[in-house]
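Just below is one structure, and these are the notes that go with it.
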Amino acid sequence: MRLGIAILAAASVLAIACNNETAESSAAQEKADAEDVAAVETANMPPLAEVDLQPIGYDDIMQNPQMEGTGCSFFASDEDPIAILGSDIGFVKVNGDVQRMSPDAGSAEGPAGTRSTYDGREFSLRLSVNESEKEDGEGEGYFTAPASLVVVDGYDRELTSSEGRVGCGG
């Protein structure tokens, strides 16, 4: 009887030791797996693209009549706008080419029917307008306000950003 109890106790100790070893090895395996996944994700991450938003000039607007109408134009300086954003479409100019951007219907609504996010093929725009500091603009229903524009890639990495002002109305 005592021998049976001793064997049972020894088996219990061995089972506990195996369970502890399994838990420790399982945690180590999970950590190693997480490190491997991070290494693969890093290896497959493309380099950051260079995006230089250029001013959209009068000729560009004349060639794209959809740029006219209600919406907002983002100005990084006193020059021409670098983004023209409406309720149905947005525009930027990169490397001399005007690119169309689609408003993200799931993003917050902005002034003059705009959205806070516009998506393109290679990057997205995020517009933040400080409407609490808006000032009346030229004409009825027009206003200007401080704003920021951030360009991010498909991995949500910031490619460029700019502080400026928006002119909104229509």
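Some notes on this structure:
- Val92 being open to solvent by less than 90 Å² (accessible area, probe 1.4 Å), of a type outside the set (Phe, Trp, Tyr) and over 17 Å from the mean Cα position of the chain (by Cα): no
- Residue match in the stretch 67-82 (condition: surrounded by 12 or more Cβ atoms within 10 Å (Cβ to Cβ) and under 19 Å from the mean Cα position of the chain (by Cα)): yes
- Identity of the residue in the stretch 100-122, touching a Phe, Trp or Tyr at 6+ places or on another chain (Cβ under 7 Å) and either open to solvent by less than 40 Å² (accessible area, probe 1.4 Å) or assigned to a strand (DSSP E or B) (or both), that ends up farthest from Asp60 (Cα to Cα): Pro103
- Selection from the stretch 130-168 of residues that are part of a loop (DSSP other than H, G, I, E, B), open to solvent by less than 100 Å² (accessible area, probe 1.4 Å) and either within 16 Å of Thr114 (Cβ to Cβ) or β-branched (Val, Ile, Thr) (or both): Asn130, Gly137, Gly141, Tyr142
The values are calculated or read from the model by the stated rules, or taken from the named source; none is laboratory data. Predicted, not measured: the structure shown is a model, and the values here were computed from it. Here Cβ is always computed from backbone atoms with ideal geometry, including for glycine, and neighbour counts include all displayed protein chains. For accessibility, only protein heavy atoms count, side chains too; no ligands or nucleic acids. Shrake-Rupley method; radii C 1.70, N 1.55, O 1.52, S 1.80 Å.
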